[in-house]
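Comments concern the structure below.
The values are calculated or read from the model by the stated rules, or taken from the named source; none is laboratory data. Computed from a prediction, not measured in an experiment: that's the story for all the values here. Note that each Cβ is placed from the backbone with ideal geometry, even for glycine, and that neighbours are counted across all protein chains shown. Only protein heavy atoms, including side chains, enter the accessible area calculation; ligands, DNA and RNA are left aside. Shrake-Rupley method; radii C 1.70, N 1.55, O 1.52, S 1.80 Å.
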Amino acid sequence: MDFQYICHQLLKSHNKVFIVTVLRGVKLVAQAKKKGAPMPNNDELNKMYLQGWTMLTQVSSNEPLYGKVESVTISHEKMRALLVPIDQKHYMGIGCAKPCNADTIMKNAERIIAEAKA
């Protein structure tokens, strides 16, 4: 699967999306960002990657009861982050400026991931 393609397509799919990353666990695999996107330093980035992976793996323990995890949303005052599982090893992090329509962004992500898997 072409993760760089997924990142670029999702970045272009909505004007509020400013960064898209694909990670394998806590390791960055691919990334696309808009010019001027706010970026933390490397230590903060690594901390965020670990937090995302931890959140997804923890909520996944509820799948036998509720079904597959579709996404995890983190909402800050100025931005919203969406964590989307791609497969057992990879997940996508999507950074969006607020206000944003998370449902539309999620539909775009699902469509682009499905196209990339086909």
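Sticking to Cα atoms, compute the Rg of region 51-118 to one decimal and its Dmax as the biggest Cα-Cα distance, whole number, in Å.
12.4, 37
What whole-number distance in Å separates the alpha-carbon centres of region 19-75 and region 87-118?
About 12 Å separates the Cα centre of region 19-75 from the one of region 87-118.
Using the structure shown, list the pairs from 89/117; 47/68; 34/78 with a Cα-Cα distance above 18 Å, or answer none.
With Cα atoms farther than 18 Å apart: 47/68.
Among 31, 51, 88, which one shows the biggest mean-square fluctuation in a GNM of the chain, springs joining Cα atoms closer than 10 Å?
88
For P(r) over Cα pairs in 10 Å bins from 0, in percent, one of [x] 14, 47, 31, 8, 0; [y] 14, 43, 29, 12, 2; [z] 14, 49, 34, 4, 0 was computed from the structure I shared and the rest are decoys. Which label?
For P(r) over Cα pairs in 10 Å bins from 0, in percent, the calculated option is [z].
Ordering 100, 7 by how much accessible area each has at a 1.4 Å probe, largest first, what is the list?
100, 7
Taking region 25-118, which GluC sites (Glu not before Pro) meet the DSSP loop condition and have no more than 13 other C-beta atoms within 10 Å?
70, 77
If you filter region 62-118 for trypsin sites (Lys or Arg not before Pro), then keep DSSP loop positions with at most 14 other Cβ within 10 Å, what is left?
Working: sites: 68, 78, 80, 89, 107, 111, 117; in loops: 68, 78, 89.
Hits after loop and neighbour filter: 68, 78, 89.
Count neighbours as other Cβ atoms within 10 Å of each site's Cβ, and list the trypsin sites (Lys or Arg not before Pro) in region 1-43 that are DSSP loop with at most 10 such neighbours.
Within region 1-43, the qualifying trypsin sites (Lys or Arg not before Pro) (loop, at most 10 other Cβ atoms within 10 Å) are 35.
Helix-derived [θ] at 222 nm for the chain: sum -39500 (n - 2.57) over DSSP H runs of at least 4, divide by residue count, nearest 500? Don't skip to the answer; put the middle values down first.
Working: 4 runs with 50 residues, N = 118.
That calculation yields -13500 deg cm²/dmol at 222 nm.
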